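Reading through the structure tokens given below for one structure.
Throughout, read-outs are computed from the coordinates displayed, never taken from laboratory work. Computed from a predicted structure; not experimentally measured. Note that each Cβ is placed from the backbone with ideal geometry, even for glycine, and that neighbours are counted across all protein chains shown.
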Amino acid sequence: MAHPRRSRAAERARSVAADAEPCNITGCKDPQARSFNFSVVAPFFGAGELDADRKGNVGLCKDHYKHYKKASKESRTTARANWD
């Protein structure tokens, strides 16, 4: 009996999800989806939410990335409008 064929993308996604570090928001265990500079993300989360020992990049899971994206929408559009 032949094994079902798995796509390379599915195999890669499965291995990345298994090896991914957890989100850098306190109490969240979901795998990181995106990574941002600490100074960019910090204003949009509460004082106790981000790991205080992080100074470089901060990894966010899908849910926390969605929160950041909604919270920073106005500042991002303003920054784009001023860019020439």
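Things worth noting here:
- Once both labels are positioned 7 Å from their Cα atoms along Cα-to-Cβ, the gap between Asp63 and Ala47 label points is 2.5 nm.
- More than 13 angstrom apart: percent of Cα pairs within the stretch 19-77: 57
- In a fully extended conformation the segment linking Thr26 and Val40 would gain 3.3 nm over its present Cα-Cα distance, using 0.36 nm per residue.
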